[in-house]
Amino acid sequence: MSESIKHECGIALIRLKKPLSYYQEKYGTWRYGINKLYLLMEKQHNRGQDGAGVVSVKMNLKPGQEYISRYRSIEQNPIKDVFDKISKSVTKAVKSGKDINDTEWVYKNLPYSGELYLGHLRYGTFGRNSIHFVHPVMRQNNWKSRTLVLAGNFNLTNTDELFQKLIDLGQHPKNYTDTVTVLEKVGHFLDEENQFRFRQYKNEGYSNREISPLIEENLDVQSILENASRDWDGGYAMAGLVGHGDAFVTRDPWGIRPAHYYEDDEIVVVASERPVIQTVMDVNANQVKEIKPGEAMIIKRNGEVSHQMVRVPHKKVSCSFERIYFSRGSDKDIYQERKQLGRLLAPAILKSIDFDIENTVFSYIPNTSETAFYGMMQGVNQHLLERKKKLIRQGNGTMTEEELEDIISMEPRVEKIAIKDVKLRTFIADDASRDDLVAHVYDVTYGVIQEDKDTLVIIDDSIVRGTTLKNSILKILDRLNPKKIIVVSSAPQIRYPDCYGIDMAVLDKFIAFTAAVELLKDKGLESVIEDVYKKCKAQENLPKEEIVNYVKDIYRQSTAEEISGKIAELLKPEGCKAEVEIVYQSIESLHEACPNDLGDWYFTGNYPTPGGNKVVNTSFINFVEGVHGRAY
């Protein structure tokens, strides 16, 4: 993407099934688990640059020994900082002359040498970057079976309701965030399950000392998650550890947020993305499974793994925008989907250039749009092949060798035009200086465009706000003096806010929304804005289940083509000589390219959960009333 959008977070969980001595003997190091965790987190670095954290749990220590270790960081390179900290205890042990290959000593004395590991990468979706918001988060207790650690890739739309329910339960939450409400909600039912088991075993005549291991062995994690998540509205992949050694990963019933796992007789691995596990564990794609929507993968203290339903699954609407941009393109399905997105755009692009391939240069804006570019060029080449066949048939055997060679050698002109200068940082605070720096973030390749004759087609994976296009990319492309610049988006027009973890929560930051509003003004239909505002205000205090997305009325007054035209008009920089056109993906083609991931609320306003309608309703009210900030 040519502009920066913050993403949801990444999770990594590891459960070692063997004692440390096994890994020391087989792999030459007892740090097998922590090394794998490091790789899982580094391979998901795209999912979090604001913070990182790691927790380790040891299941077989005596009372009085520290069985749980946690370190979190918001340093510039938080993953490195976390693992440097973890390594310090090993370095210190070596300097003091300890035998760090003695796994029995290591287990008793060095932190982060346990059976369970949970790692998290944080991307703050709304401006708060404090260590307190970095996962994993903990709820500690002297009973190991009541100690809870959570890390997740999630965003809940109904934090207000959940917060109130905690108060109704008699709690006093320390923060008004979905992280705290989730931690306390799961913690509450963990406490209740412990109390139920305690009374049960007490009535059966067991002593307090005998009861603790019985609770740990028989804790009903499925019931805890079922009760805790009943009211959650949003997208989530949630991982948790209980102090005695149970672990779980649960996924929202709509499948909005991803979670994958791999298991063999040595290890259980969970991560947000499939190719990450494939690379780190060196396994095939078919060996990595997906945790199903509404399901919890539960790993008991004894190593037994089960998959239990904790929420009734709904129609799967996993996020298509995630696959267009955020997910790793090395995944075999995502790679093909991105190519197909580009291929399906070819007819619209050819129409926009009036099928004049000879005077058109095709390129892309690095880096994630490169795969869609390959697909786009396949579509253009297919058209060119049909043209060649037609010309040869028309010649009917009368062509000279030179004429035939001219036809056969026809091919699209592909060039690397825009190159991001990764060294440049907009470090200056004042706006005027910053704008000048932004205008130079990209370099261009000179000498490949026929001035005032060529059309330049450049594909991006999405156009959200359009600020980088207007302030930088279009300006520098115009220096090449093309006749026309066509910017192609492999994603449809982003019209509605996200509320499930991606930082796209404010309506008037979307160039598609701004264009739709400007078109209403152009057509003398400003009254539509007022009508929608009144409808939204009338719903303001309704339960989320009763709220309707009336913001769709803003877009109904104009066609997608009209909105694209207005976007081009709004994004064309002052002084730009070239004609500018914007071509967007269609919703139909999006679903054709990503048939198994139908979550398209950014583009259609069809939110999978009632909380989505509440968010878009509030977001529009904020827009009209000039309130800044996200709507949830």
How do 557-568, 529-540, 321-332 rank on mean C-beta neighbours within 10 Å, highest first?
-> 321-332, 557-568, 529-540
For Ser130 paired with Arg387, estimate the spin-label separation in nm (one decimal), with each label point 7 Å from Cα along the Cα-to-Cβ line.
-> 6.0 nm
Given the protein chains as shown and a 1.4 Å probe, how many square angstrom of Thr618 are accessible, to the nearest 10?
-> 40 Å²
Check: C-alpha center region 229-264 vs C-alpha center region 611-627, spacing in Å is 29 Å
How far apart, in nm, are two points set 7 Å out from the Cα along the Cα-to-Cβ line at Glu192 and at Lys416?
-> 5.9 nm
Once the dipole of the chain is set up with Lys and Arg at +1 and Asp and Glu at -1 on Cβ about the Cα centre, which of Leu350, Met281, Ala568 lies farthest towards its positive end?
-> Met281
Excluding residues fewer than 8 places away in the same chain, name every one of the lysines whose C-alpha is closer than 24 Å to that of Lys92.
-> Lys36, Lys58, Lys62, Lys80, Lys108
Post the alpha-carbon centroid distance, region 136-152 to region 338-357, in whole angstrom.
-> 53 Å
Interchain or long-range residues, amide H under 5 Å from Ser369's placed H = Asp461
Considering the options Ser130, Gly501, Asn481, tell which one lies farthest towards the positive end of the dipole of the chain, charges being +1 on Lys and Arg and -1 on Asp and Glu at the Cβ, about the Cα centre.
-> Ser130
Ala296's amide H: which non-local residues (gap 5+, or another chain) put their own amide H closer than 5 Å, with H modeled 1.01 Å from N in plane and none for Pro or chain starts?
-> Gln308, Met309, Val310
In square nanometres and to one decimal, what's the mean projected area of the convex hull around the Cα atoms of region 233-377?
-> 11.4 nm²
In whole Å, what three semi-axes, largest first, describe the equivalent ellipsoid of region 322-395 built from its Cα gyration tensor (square root of 5 times each eigenvalue)?
-> 28, 13, 9
Please state the charge dipole magnitude for the chain, taken about the Cα centre, from unit charges on C-beta atoms (+1 on K and R, -1 on D and E), reported in debye and rounded to the nearest 20.
-> 1900 debye
Would you mind telling me the antiparallel percentage of the DSSP bridges in the chain, rounded to 5?
-> 75 percent
Whole-Hz ³J(HN,Hα) from phi, Karplus 6.51 cos²θ - 1.76 cosθ + 1.60, for region 248-256, glycine and proline x | 7, 9, 10, 10, 4, x, 9, x, 5
The answer for the chain, accessible area per residue at 1.4 Å probe in Å², is 43 Å²
Rounded to the nearest 0.05, what FRET efficiency do Thr400 and Tyr374 give with R0 = 35 Å and r taken as the Cβ-Cβ distance? Could you check?
-> 0.50
Over all alpha-carbon pairs of region 7-64, lay out the pair-distance distribution in 5 Å bins, whole %, shortest bin first.
-> 4, 15, 24, 19, 16, 12, 8, 3, 0
Could you work out the helix-only [θ] at 222 nm for the chain, with each DSSP H run of four or more residues adding -39,500 (n - 2.57) and the total divided by the number of residues, to the nearest 500 deg cm²/dmol?
-> -12000 deg cm²/dmol
Options Pro78, Gly33, Val414, ranked by Cα towards positive dipole end of the chain, top entry (Cβ charges) = Gly33
Hull volume in cubic angstrom per residue (convex hull over the Cα atoms of region 322-625) | 167 Å³
Which one is right for this structure if Cα extents along the principal axes in Å is calculated from it: (i) 73, 60, 45; (ii) 94, 70, 48; (iii) 97, 62, 52?
-> (iii)
If one computes the Cα centroid of region 366-419 and of region 562-579, what distance in Å separates the two points?
-> 29 Å
Could you name the lysines whose alpha carbon sits less than 25 Å from that of Lys389, not counting residues in the same chain fewer than 8 places away?
-> Lys339, Lys351
Region 322-625, dipole about Cα centre (Lys/Arg Cβ +1, Asp/Glu Cβ -1), debye to the nearest 20 = 360 debye
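The values are calculated or read from the model by the stated rules, or taken from the named source; none is laboratory data. Everything numeric in this text was worked out from a predicted model, so none of it was measured. Backbone-built Cβ (ideal geometry, glycine too); neighbour counts: all protein chains shown. The area values use the complete protein model at the heavy-atom level, side chains included, leaving out ligands, DNA and RNA. Shrake-Rupley method; radii C 1.70, N 1.55, O 1.52, S 1.80 Å.
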